[in-house]
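Asks: My questions all concern the structure below.
The values are calculated or read from the model by the stated rules, or taken from the named source; none is laboratory data. Since this is a predicted model, take the numbers as computed values, not measurements. All Cβ positions, even for glycine, are placed from backbone atoms using ideal geometry, and neighbour counts span all protein chains on display.
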Amino acid sequence: MDYSNFIKQLDAYLASYKTMQSSAKYHDLSDLPKVDRQGLVTRSIVAVHRITGLNSTYSLEIERIIKELPALHRQTSSVMGIVQALRDDLKDGYLQNLQEIVHAEVFSDFIEMAQHLNESGYKDPAAVLAGSALEVHLKKLSVKNGISIEVAGKPVKADKMNADLAKANVYTVLDQKSITAFLDLRNKAAHGKYAEYNKDQVGNLISGVTEFMKRNSA
């Protein structure tokens, strides 16, 4: 999986941190404006959550640090240390286990097929294929995070999995809303409501599912 965009973003934050270090008198940057330190830490925390999910080791370590000392501007060095570790792990390819790599490769094949179909004028099967790949991924995310995918022997529907995953903080409420929209488009395609969406919306579905998968590996 290509993590170059994530690495580029983290590099930008680390560069800002080095610039601040070079202009500070003290190691903890306490002589620099609070607003600058807090801004950098906030953006960095958001990036870590977005890239790794709320239940990753990186995010949980940030949570532990903040609980010990809630003032974000005083956590600059600690948080940037986590950012550096995440950046290095992304670069060295240490963020995925074997199962996640295999799943990502299979998923990539389906997404490429959906993209090819959409670009060739077959938006309806493209939407079904991309939406189905998303549902499979939600199931794998649920299993990975100990969330049931069956109730009384019957499979849990994608909408409920989506709600359960967001409730468990596997991903954000914003992601939940996006997935709800993706699943709605998939359902329209699966039930023959072809006039209710267009090729561009299917393209957005495909790119949105791809981006979501990159941030939430299963």
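Asks: Give me a count of the residues in the range 176-185 that are farther than 21 Å from residue 148 by Cα and either touching a residue at least 40 places away in the same chain (Cβ under 8 Å) or part of a loop (DSSP other than H, G, I, E, B) (or both). It would help to see each step written out before you state the result.
Replies: Of the range 176-185, the ones farther than 21 Å from residue 148 by Cα are 178, 181-182, 184-185.
Filter again for either touching a residue at least 40 places away in the same chain (Cβ under 8 Å) or part of a loop (DSSP other than H, G, I, E, B) (or both), leaving 182, 185.
Residues flagged as farther than 21 Å from residue 148 by Cα and either touching a residue at least 40 places away in the same chain (Cβ under 8 Å) or part of a loop (DSSP other than H, G, I, E, B) (or both) within the range 176-185 amount to 2.
Asks: Does residue 119 qualify as being of a type in the set (Asp, Glu), outside the structural domain of residue 63 (by TED's automatic domain parsing) and under 25 Å from residue 56 (Cα atoms)? Explain how you work it out, then say what you get.
Replies: Working: of a type in the set (Asp, Glu): yes; outside the structural domain of residue 63 (by TED's automatic domain parsing): yes; under 25 Å from residue 56 (Cα atoms): no.
Spelling it out, it is not the case that residue 119 is of a type in the set (Asp, Glu), outside the structural domain of residue 63 (by TED's automatic domain parsing) and under 25 Å from residue 56 (Cα atoms).
Asks: While we're looking at this one, here's another question. Of all residues in the range 87-123, count the ones that are modelled with pLDDT of 85 or more and touching a Lys or Arg at 6+ places or on another chain (Cβ under 9 Å).
Replies: Total meeting the criteria: 4.
Asks: So residue 204 ticks every box in (1) surrounded by 13 or more Cβ atoms within 10 Å (Cβ to Cβ); (2) modelled with pLDDT under 95 but one. Which box is left unticked?
Replies: (2)
Asks: Scanning the range 175-192 for residues that are at pLDDT below 95 and loosely packed, with under 13 Cβ neighbours inside 10 Å, which turns out farthest from residue 52 (Cα to Cα)?
Replies: The selected residue is 192.
Asks: Name the residues in the range 124-175 that are of a type in the set (Ser, Thr, Tyr) and either free of Cβ contacts under 8 Å to residues at least 24 places away in the same chain or closer than 19 Å to residue 202 by Cα (or both), would you?
Replies: Just the residues of the range 124-175 that are of a type in the set (Ser, Thr, Tyr), to begin with: 132, 142, 148, 171-172.
Result: 132, 142, 148.
Asks: A further question follows. Got a sec? Which of 136, 170, 128 is in the same structural domain as residue 203 (by TED's automatic domain parsing) and either assigned to a loop (DSSP other than H, G, I, E, B) or loosely packed, with under 14 Cβ neighbours inside 10 Å (or both)? So that I can check it myself, show each step before the final result.
Replies: Values: 136 fails: either assigned to a loop (DSSP other than H, G, I, E, B) or loosely packed, with under 14 Cβ neighbours inside 10 Å (or both); 128 fails: either assigned to a loop (DSSP other than H, G, I, E, B) or loosely packed, with under 14 Cβ neighbours inside 10 Å (or both).
Of 136, 170, 128, the one residue that is in the same structural domain as residue 203 (by TED's automatic domain parsing) and either assigned to a loop (DSSP other than H, G, I, E, B) or loosely packed, with under 14 Cβ neighbours inside 10 Å (or both) is 170.
Asks: Just wondering, is there one or more residues in the range 130-143 that are over 18 Å from residue 164 (Cβ atoms) and of a type outside the set (Gly, Ala, Ser)? Break it down into steps so the answer makes sense when it comes.
Replies: Residues of the range 130-143 over 18 Å from residue 164 (Cβ atoms): 130-133.
Those still in the list that are of a type outside the set (Gly, Ala, Ser) too: none.
Looking through the range 130-143, none of the residues is over 18 Å from residue 164 (Cβ atoms) and of a type outside the set (Gly, Ala, Ser).
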